[in-house]
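Report on one structure; see the data block that follows.
FYI, it's all coordinate maths here, none of it is from the lab. Note that this is a predicted model, so its numbers are computed, not measured. When we count neighbours, we look across all protein chains shown, and the Cβ atoms used for this are built from the backbone with ideal geometry, even at glycine.
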Amino acid sequence: MLKPNLLEAKKRKGNIETEIYKFDESLKDLGKNKKYFIKTYGCQMNEHDSENIKAILESMSFTETLDMMDADVILLNTCAIRENAHNKVFGYIGRVKHLKEQKPNVIAGICGCMAQEEVVVDEIIKKYKWLDFVFGTHNINNLPNILKNVIEKKEQEIEVLSYEGNILENMPVKRDSKYKAWVNIMYGCDKFCTYCIVPYTRGKQRSRDKDNIIKEVEELVKNGYLEVTLLGQNVNAYGKDLDSNYRMENLLEDVAKTGIKRVRFVTSHPWDFTDNMIEVIKKYDNIMPYIHLPLQSGSSRILKLMARRYTKESYLELVDKLRKNIPNLALTTDIIVGFPGETIEDFNETLEVVNKCKYDSAFTFIFSKREGTPAATMPDDVTLDEKNERLHKLNELVNKYSLENNQKYLNKIVPVLIEGYSEKDKSMLMGYTDTMKLVNVKGAENNIGKIVDVKITDVKTFSMDGEIVNN
Ligand code: SAH
Ligand code: SF4
Ligand code: F3S
């Protein structure tokens with residue numbers, strides 16, 4: 001058994017190397033005639049990890065089922081960012097227990113960020129003995145062996161490394177889309193915002209070698225992909241951990257030069273957003289005019305307590321610069337309300353920044369205490385009722401601007417990458433604009449997988465309707 005350890009997870013040391021993924025061919029039939037079911041929680045990092053996990057399982061001859069009741073192997077890829085993410089997973093684990101009572105041969109386990117938490121794994125060992133395996137974010141590559149051990153030994157297998165492992169290249173991947181792809185450019189995070197668990201669950205910042213990133217994008221272009229999203233907790237800090245001067249602006253430029261039709265990147269920390277990056281975004285038409293720029297709070301006092309390294313003023317200056325330089329920019333954000341000690345004046349400053357930035361949309365959260373983070377021990381005297389009220393007020397303001405921004409699109413013609421059928425109305429298609437607006441589109445199905453001109457005919461707060469215009 002290899003358990004996670006909070007103190008070890010805080011440490012930042014050791015050389016990171018690049019390692020080529022190797023598959024033990026003797027395990028290629030382990031999953032013959034068996035099905036796997038995977039449920040993914042959390043951010044794009046987890047979504048993309050699940051794409052790797054699926055491909056690894058399929059290299060062992062497992063096939064995917066979307067129905068948990070039909071599965072031989074059940075895997076929950078979990079998120080630890082807030083308490084309610086935890087609760088959802090533990091709720092689901094309860095359902096899995098039920099199923100295992102009916103089908104005792106089913107193997108079930110968890111992976112992802114919750115698996116990196118010492119408190120969670122301790123609880124699993126104590127109370128969830130029937131869960132067959134737990135593995136962390138640093139050893140996805142070891143999944144074939146973990147499954148083999150579970151099947152052979154029939155005892156709980158826990159393998160979570162607190163230290164980040166090497167950067168793995170050539171991991172197989174089963175992408176969810178044929179048109180747009182996630183591409184990791186870095187792993188982990190060294191920012192240690194005081195509320196956040198990610199630096200502990202994902203380890204130290206490790207930038208991937210630029211040549212490997214560009215090779216992956218070139219391969220995607222060859223395979224007909226139209227869009228890539230460069231992924232990392234802090235993409236603007238790309239390269240800072242390497243021994244070279246090659247930074248995010250250089251990488252963005254090289255990725256744009258591959259000729260892929262659309263380049264996006266998430267998430268941008270305001271601290272590392274350089275003027276050079278803005279120049280590159282401006283220069284290349286295939287870098288999309290869409291930036292997710294988490295604010296977290298509009299109060300410089302709270303930002304300091306959060307250790308965000310910028311002030312309200314410097315954030316507003318950056319937004320101003322972005323708007324001046326990138327025409328048609330769509331700006332989105334993340335905001336936390338009710339951080340320990342947030343006064344009504346602090347909260348009003350957040351509203352003031354929202355009024356100035358007029359975001360296209362925002363993910364808003366109530367502060368959630370994460371065990372082991374500095375903010376978990378900060379005095380917090382604001383009631384939950386008050387926090388809920390602030391969240392409600394903030395959401396109303398955010399939604400007002402979402403709708404106002406969307407209204408500017410009415411009757412305009414915009415480029416949309418058509419991804420497939422609309423979820424709410426199968427007779428319609430759906431896709432995203434260059435500015436990341438969701439559009440339900442009237443048009444023929446042979447437009448799927450193309451970037452087409454769409455005339456916007458109706459707008460709502462969270463989506464738009466449109467029809468394809470024939471050129
Ligand atoms: N790396 C990204 C954020 C990743 S987590 C960045 O720095 O911007 C996504 C969002 O979850 C954060 O932006 C933050 O708004 C929210 N979040 C993180 N920890 C939280 C906590 N303890 N309570 C509430 N929200 C939190
Ligand atoms: Fe968390 Fe801050 Fe790192 Fe984002 S930058 S992942 S909020 S510690
Ligand atoms: Fe959640 Fe881990 Fe992402 S905590 S938000 S899945 S990095």
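The distance between label points at SER244 and GLU445 comes to 4.6 nm (points 7 Å beyond Cα on the Cα→Cβ vector).
Taking 4.7 Å between C-beta atoms as the pairing limit, the chain has these partnerless cysteines: CYS43, CYS79, CYS111, CYS113, CYS189, CYS357. Can you work out the FRET efficiency for the pair GLU386 and GLU317, with r the C-beta to C-beta distance and R0 = 30 Å, to the nearest 0.05? After rounding, the FRET efficiency stands at 0.45. Distance between the modelled labels on THR274 and LEU66, one decimal in nanometres: 4.4 nm (7 Å Cα→Cβ projection).
Fully extending the segment from GLN407 to LYS127, taken as 0.36 nm per residue of separation minus the present Cα-Cα distance, adds 95.6 nm.
What's the FRET efficiency of PHE90 with VAL221 using the Cβ-Cβ distance as r and R₀ = 41 Å, to the nearest 0.05? Using R0 = 41 Å, I get an efficiency of 0.45. Taken over segment 208-315, the percentage of Cα pairs per 10 Å bin, counting from 0 up to the bin with the maximum distance, is 14, 43, 30, 11, 2. Along its principal axes, segment 69-193 has C-alpha extents of 42, 34, 28 angstrom, given from the largest down. Placing R0 at 35 angstrom, the Cβ-Cβ distance between ASN142 and ASP334 gives a FRET efficiency of 0.60 after rounding to 0.05.
Just for the chain, what percent of DSSP beta bridges are antiparallel, to the closest 5?
Rounded to the nearest five, the antiparallel share is 30 percent.
Rounded to the nearest angstrom and listed largest first, the equivalent-ellipsoid semi-axes of segment 7-159 from its Cα gyration tensor are 22, 21, 15.
Taking only the Cα atoms of segment 88-138, the radius of gyration and Dmax are 10.8, 33 Å.
Protection proxy ranking for 181-188, 170-177, using the average of other Cβ atoms within 10 Å per residue and placing the highest first: 181-188, 170-177.
What pairs from LYS10/LYS369; LYS54/LYS180; LYS22/LYS54; LYS22/LYS191 go past 20 Å between their alpha carbons? Write out the running numbers ahead of the final one.
On the way: LYS10/LYS369 17 Å; LYS54/LYS180 17 Å; LYS22/LYS54 16 Å; LYS22/LYS191 32 Å.
Check vs 20 Å cut-off fails for LYS22/LYS191.
Over the C-alpha atoms of the chain, the Rg to Rh ratio, Rh being the Kirkwood estimate, stands at 0.96. When each of MET306, MET277, MET68 is scored by the number of other beta-carbon atoms lying within 10 Å, the sequence from fewest to most is MET68, MET306, MET277.
What is the mean projected area of the alpha carbon convex hull for segment 1-76, to one decimal in square nanometres?
Values: hull surface 29.5 nm².
Quarter of the Cα hull surface area: 7.4 nm².
Evaluated at q = 0.14, 0.17 Å⁻¹, the base-10 log of the normalised Debye intensity for segment 394-471, with identical point scatterers placed on the Cα atoms, takes the values -0.41, -0.58.
Over all orientations, segment 133-252 has a Cα convex hull whose mean projected area works out to 9.2 square nanometres.
Seen from all directions on average, segment 302-368 presents a Cα convex hull projection of 4.6 nm². Say a paramagnetic label sat at a point 7 Å from the Cα of LEU6, along Cα to Cβ; which residues of segment 98-136 have their backbone N under 13 Å from it? Residues passing the 13 Å test: 117-123. The gain in end-to-end length when the GLU47 to ASN395 segment is fully stretched comes to 122.7 nm, 0.36 nm per residue minus the alpha carbon separation.
For segment 263-389, the share of alpha carbon pairs falling in successive 5 Å distance bins from zero is 2, 10, 20, 22, 18, 12, 8, 5, 2, 0 percent.
Using a ≥ b ≥ c from the Cα gyration tensor of segment 330-470 (square roots of the eigenvalues), is it rounded, prolate or oblate, where a/c under 1.5 gives rounded and otherwise the larger of a/b and b/c decides, a/b for prolate? The shape class here is prolate.
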